[in-house]
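Structure, as structure tokens:
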Amino acid sequence: MIEEIAATFEHLAAGVVVKLTEPALAIIARQALDSKRDETGGILIGRYQDDGYTALVTSATARPNDSISGRTWFQRGVRGLKELLRDRWRRGEYYLGEWHSHPDGSPEPSGNDFREMRSISIDSSYRCNRPLLIIAGTSAGSIELSVSVIDSGRLVRLQRSKTTSTAAAT
Ligand SMILES: [Zn+2]
């Protein structure tokens, strides 16, 4: 199975590479740009490749409809996610982390973003000790992404990879 990769982010010292597929990026970009006033977000789904450190984000969900949000905050809801994850699990895919938007803002993770991700990393119900965080900062119809991972209680910010590979055989 070949999946189109829209963007690759990496932090080689921390041993993590994140490949974002076209469908995942499309959902994040559309949702973030459509929600001009309030933050929006969802979860990231995918799998780790055989090397053990490359996370392939195959999809991002739209905003669960029990989410609540304001201009500078977002509390993701849960409606529909359990069923979705159960379904994806049969294909070998699982929860990888969270994404949310910063309308008219930088994609820099806030202190609150870090604390929320750290609590997910130690919450056994998520079974995800290295959750990813993607933030989409928007301004005037354009979008800027940050990609981070919580690694041993620290927030590690990944850099956009210069390599030009556009597809990953999986
Ligand atoms: Zn945030």
Tyr95 - accessible surface, heavy atoms, 1.4 Å probe, Å² rounded to 10: 20 Å²
Pair Trp89, Ser152: separation of 7 Å Cα→Cβ label points (nm): 3.0 nm
Value of relative contact order over the chain, rounded to a whole percent, pairs C-alpha under 8 Å and six or more apart: 25 percent
Rounded D (µm²/s) - the chain, Kirkwood Rh over Cα pairs, Stokes-Einstein at 37 °C, 0.692 mPa s: 206 µm²/s
Efficiency of FRET between Ser119 and Glu144 - r from beta-carbon atoms, R0 30 angstrom, step 0.05: 0.70
Accessible-area order (highest first, 1.4 angstrom probe) of the listed residues Asp34, Asp123: Asp34, Asp123
Separation in nanometres of the label points that stand 7 Å from Cα toward Cβ, at Ala14 and Lys162: 2.1 nm
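The values are calculated or read from the model by the stated rules, or taken from the named source; none is laboratory data. Note that the structure is predicted; figures quoted are calculated from it, not measured. Positions of Cβ are backbone-derived with ideal geometry, glycine not excepted, and every protein chain shown enters the neighbour counts. With ligands, DNA and RNA removed, areas are computed over all heavy atoms of the protein, side chains included. Shrake-Rupley method; radii C 1.70, N 1.55, O 1.52, S 1.80 Å.
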